[in-house]
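What follows is a short report on a single structure.
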Amino acid sequence: MKWRVIVAFMGVMVGFLFCSAVLADIVVLKQGVSGYYGAADTYIEEEDWPGTNHGNLWYMHLYMQHHDPEQSALVKFDLTDQLPPNAEIQSATLSLWVYQLVDMTGNDWLDVAPYRVRHYKDWAEYDATWHIFKGSSLWATPGCESTTGDRFANPDDDPIRFTKDSGVNRYYHWDVTSSVQDWYAGTQNNNGWLIRIVEHDGGSEGISLNAKESDVPDYRPYLTITYIPDPATICLLGLGALALVRKRR
């Protein structure tokens, strides 16, 4: 009897894993592609008050000078109605197209990563500047640089290092699974990421990215989410498959 229980349990687990693999799906969110128009992005630039909004431009710049960020980008994707109810998110990847390196020579280097924006800083694409995140509301620290009032202290993924030899006109990818899981679960408001230079060699250098306004869809930022439907449903499918096998015996 005991071995039958063990076999039955193993059958359920195999059925669960099999159905999860078969039913796993992928959704790609990219502005203007497959009917999706929920992306927002801009870059913010250190300058005198009140600052300039760049939400309508096709490009975004990241720049750091003497360890101080001078240009950073903001990117977010609305997840509303993009996933079925009770889905289980397995992974999420943020992809950004880098089209040029700026002032990178010799042994210059810089590291880039996405930082989750705090749930109460609902920045507006056509308002955000170095000083303001929406309307007349100010960042806690200019540039979305407060790790308690504006953004998380740690990036979602390990930084990617760029040097003068790094490839351009290509996508770079960061794992942002934890943020997307929290946003989908509703435990945090989705205000996207601050894309910033984490550190550099101490000189003056940067990179440039394509924004959602790019004329070429293939160059726009995108978010890839891999998920499975409601796990309870999959478990029932696994049990059903096991019962069918046992009946045939």
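Do we find that THR187 is over 18 Å from the mean Cα position of the chain (by Cα), part of a loop (DSSP other than H, G, I, E, B) and not basic (Lys, Arg) in this structure? Criteria not met by THR187. Summed over the range 85-118, the residues that are among the small types (Gly, Ala, Ser) and touching a helix residue (DSSP H, G or I) at 6+ places or on another chain (Cβ under 7 Å) give a count of 2. Go through the range 107-148 residue by residue and tally those that are in contact with a Gly (Cβ under 8 Å, 6 or more places away or on another chain), among the hydroxyl-bearing types (Ser, Thr, Tyr) and surrounded by fewer than 16 Cβ atoms within 10 Å (Cβ to Cβ). Number satisfying all stated conditions: 2.
Taken together, the residues in the range 117-175 that are outside any loop (DSSP other than H, G, I, E, B), within 20 Å of GLY55 (Cβ to Cβ) and of a type outside the set (S, T, N, Q) amount to 6. Selection of the range 50-93 for residues being in contact (Cβ under 8 Å) with a residue 40 or more places away in the chain, under 19 Å from LYS121 (Cβ atoms), assigned to a loop (DSSP other than H, G, I, E, B) and of a type outside the set (S, T, N, Q) yields PRO50, GLY51, GLY55, ASP78, LEU79. The single condition from (1) farther than 17 Å from SER72 by Cα; (2) in a loop (DSSP other than H, G, I, E, B) that ILE225 fails is (2).
Can you pull out the residues in the range 90-109 that are under 17 Å from the mean Cα position of the chain (by Cα) and either over 23 Å from ARG220 (Cα atoms) or at pLDDT below 95 (or both)?
First pass over the range 90-109, keeping only residues under 17 Å from the mean Cα position of the chain (by Cα): 90-98.
Hit for the range 90-109 is GLN90, nothing else.
When each of ASP41, ASP81 is tested for being modelled with pLDDT of 95 or more and surrounded by fewer than 17 Cβ atoms within 10 Å (Cβ to Cβ), the lone residue that passes is ASP81.
The values are calculated or read from the model by the stated rules, or taken from the named source; none is laboratory data. This structure is a prediction, so every number in the text was calculated from the model and none was measured. Positions of Cβ are generated from backbone atoms using ideal geometry, with glycine treated the same way; all protein chains shown enter the neighbour counts.
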